[in-house]
Amino acid sequence: MSESQKTLSNLLRETRRFPPPAELAESANVTAAAYEEAANDRLGFWERQADRLAWSKRWDEVLDWTNPPFARWFVGGELNVAYNCVDRHVEAGLGAKVAYHWEGEPGDTRTLTYADLRREVSKAANALLELGVRKGDRVAIYLPMIPELPIAMLACARIGATHSVVFGGFSADALRTRIDDAQARVVITADGGYRRGKPSALKPTVDEAVADAPSVEHVLVVRRTGEDVAETDRDVWWEDVVERQSDQHTPEPVDAEHPLFILYTSGTTGKPKGILHTSGGYLTQTAYTHWAVMDLKPEKDVYWCSADIGWVTGHSYIVYGPLANGATSVMYEGTPDTPHRGRWWDVIAKYKVTTFYTAPTAIRTFMKWGDDIPARYDLSSLRVLGSVGEPINPEAYVWYREHIGANRTPVVDTWWQTETGAIMISPLPGVTEGKPGAAMRPLPGIVADVVDDHGESVPNGGGGFLVLKEPWPSMLRTIWGDDERYVKTYWSRFDGMYFAGDGAKKDEDGDLWLLGRVDDVMLVSGHNISTTEVESALVSHPKVAEAAVVGSTDPVTGQAIVAFVIPRGAAGEEVEGEAFLQELREHVSRKLGPIAKPRQIMIVPELPKTRSGKIMRRLLRDVAENRSIGDVSTLADGTVMDLISAKLPDAK
Ligand code: 6R9
């Protein structure tokens, strides 16, 4: 491999800077001193964070790393996660405090205080016990975004059962594979939920999945839509079984390393990986990061994370982190454009949301819908904005800050993964001078780096592979049932380092910029070029709403850049013709240099995305290289590829 192939080219220049607002900096939860504190005594730092929680038995050792890469954190300690998220706040006199302002898509609402939550979770825990679920058993949860979802998760945690939440809306096949891999004894589901203004059934999918899943003894069904459902002899209704239970239940302390949940991530090939998270370390880091990165003031803040709980972001930052911190959160059931495109801003104005956490894909969609929509709402309560899921394009960052944050709120771009369990790299809103598009620095207590092909740290200005060099409390412990795959996938690429699978660069100040999955990196005339940079260059053109780029085999350059673009032209504007495409190619060339100029640009109405909003470039590569299109089962909208193919004359 030539020298130039080993590192990612570093093309984008971004000079805008956003220092923290003085008022926020003065009262911020975390100051710059935290970096030093953690650097001087990393394990001591995490030990102090673990003291945010209530332990029924204190640990003997902070970290056991004698058998890497199998970590044990807070060895010998015991706690109950549900007790920490619910009961202890009630015991501290906060029973009347709102845990969730829940907003159903049709406009119905429910308010759950911490005392309500304790009653509901206790009843659900008693119901699971009655259904035969015991400590260590697995429970699959396939629910819409309704209060019973966090209640079910916490009920499992309360009795020491391990939950496996599956996105409501995954196919029967995807659900069956996950139930089977975890050998779940019970499935918790609902008749359906509301999406895009109408009931969307879930139960038929579960029926199909469990018909062939012998491990499942009971299916516990919540009534949400009231639509008719077929009943099988394994079904029991939540309203029958849970409602009649006692609302008293004593949470069972478990070992710090007791499995809390499994969450499946699809990966690009092979069967989904069941990422295993345990109790003490996971809760420590989700609680700390939620408090530090969102600058959470639990007495004042109203926090909203718009993710689905079926994604790790929902686990860590709708359920465990916020509840461990005793926060007041908003939880919303439906889609952002129901019944109108201002719904989210309406929710923010209604509950006076102060801290808001969403994904770049949503931000780009709002940009496309127009600045005038958020402008109609009072968003003045907001003080911190977060982003997660993909690299945030600088233009999307600036738009988010300006149109949602009134040019006042810091934007924190948080890098992490299902595997890391909690935020790892992020600005701190009261400390960091933000750079649009940069995740900036590892959080206190986290050791990350960018390395070249040989695992050598790259100098400032260089690019390569993102790695984590020390274990962290909320790290995955293994892949469920497959230790070997765990070692091979994450710990074998570089000796003694966790390989994240993402490309990254260090700028001249040593700050980190994420550049997308290394599988997506393009090799053009001997230069490794990141999809992210070319996409961000395209999105910085005023007539581009969204862009995805892929490398397509090319006889001359090895790979050539092919771009798929969703335009945001005003009605009647020319956004299709050859002149427009030429203008876009020149625009990229000006921003990044001629090497990054797309060979071909296709105008499309939509892009293929997963349910957590990540662009599935693999499918676009199939289009660019004229192959038949691969597995589309994890797409949020299965019809998108047909829409794209229909627009392209020569694609299959
Ligand atoms: C939390 C989550 C993980 C992958 C990760 C990376 C991408 C997430 C990002 C980001 C750049 C950010 N990713 N946050 N890339 N900047 N702020 O998304 O977990 O669904 O497992 O995805 O998402 O590629 O490796 P998960």
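At a glance:
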{"item": "Segment 46-124 and segment 188-230: distance between their alpha carbon centers, rounded to Å", "result": "28 Å"}
{"item": "Sites LYS469 and ASP233, calculated FRET efficiency, Cβ-Cβ separation with R0 56 Å, nearest 0.05", "result": "0.60"}
{"item": "Extension gain from GLU606 to ASP60, taking 0.36 nm per residue of separation minus the Cα-Cα distance", "result": "191.2 nm"}
{"item": "Angstrom value of the Kirkwood radius, inverse mean 1/r, which spans all Cα pairs in segment 515-590", "result": "13.1 Å"}
{"item": "Folded to 0 to 90 degrees: helix 172-182 orientation relative to the chain principal axis, Cα", "result": "60 degrees"}
{"item": "Global geometry of segment 1-74, whether rounded, prolate or oblate, following the gyration tensor of its Cα atoms and the 1.5 cut on a/c", "result": "oblate"}
{"item": "Residues in segment 455-499 reached by a label modelled at ASN67 [backbone nitrogen below 11 Å; 7 Å Cα→Cβ]", "result": "none"}
{"item": "Sites matching trypsin sites (Lys or Arg not before Pro) across segment 1-107 that sit in DSSP coil, with at most 15 neighbouring C-beta atoms within 10 Å", "result": "ARG13, ARG16, ARG17, ARG52, ARG58"}
{"item": "Rounded Å value of the spacing that divides the Cα centres of segment 503-534 and segment 378-396", "result": "22 Å"}
{"item": "Kirkwood Rh and Cα Rg combined as Rg over Rh, evaluated for the chain", "result": "0.95"}
{"item": "Per DSSP, loop trypsin sites (Lys or Arg not before Pro) in segment 128-161 with at most 15 further Cβ within 10 Å", "result": "ARG134, LYS135"}
{"item": "Debye log10 I(q)/I(0) for segment 174-245, one point scatterer per Cα, at q = 0.11, 0.18, 0.19 Å⁻¹", "result": "-0.27, -0.69, -0.76"}
{"item": "Paramagnetic reach from VAL487 (point 7 Å along Cα→Cβ, amide N under 13 Å) across segment 410-438", "result": "none"}
{"item": "Under-5 Å amide H pairs with ILE141, H placed in peptide plane, nonlocal only", "result": "SER164, VAL165, VAL166, ILE188"}
{"item": "Cα-based shape type of segment 124-210, given that a ≥ b ≥ c are square roots of the gyration tensor eigenvalues and the cut on a/c is 1.5", "result": "oblate"}
{"item": "Label point distance in nm, HIS340-ASN460, each placed 7 Å from Cα along Cα→Cβ", "result": "5.0 nm"}
{"item": "Spacing of the two label points (7 Å from each Cα toward its C-beta) at THR250 and ARG196, in nm", "result": "5.1 nm"}
{"item": "Nitroxide proxy distance, nm - points 7 Å out along Cα→Cβ at ASP642 and ASN626", "result": "2.5 nm"}
{"item": "With 5 Å bins from 0: P(r) over segment 525-646, alpha-carbon pairs, percent", "result": "2, 11, 22, 23, 20, 14, 6, 1, 0"}
{"item": "Hull-based mean projected area of segment 239-398, where the convex hull spans the alpha carbons, in square nanometres", "result": "13.0 nm²"}
{"item": "Greater than 24 Å apart at Cα, pairs in LYS203/LYS647; LYS435/LYS591; LYS350/LYS435; LYS597/LYS647; LYS543/LYS647; LYS352/LYS609", "result": "LYS203/LYS647; LYS350/LYS435; LYS352/LYS609"}
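Every number in this text was worked out from the coordinates using simple rules, so none of it is lab data. Predicted, not measured: the structure shown is a model, and the values here were computed from it. Note that we place each Cβ from the backbone using ideal geometry, even for glycine, and neighbour counts take in every protein chain shown.
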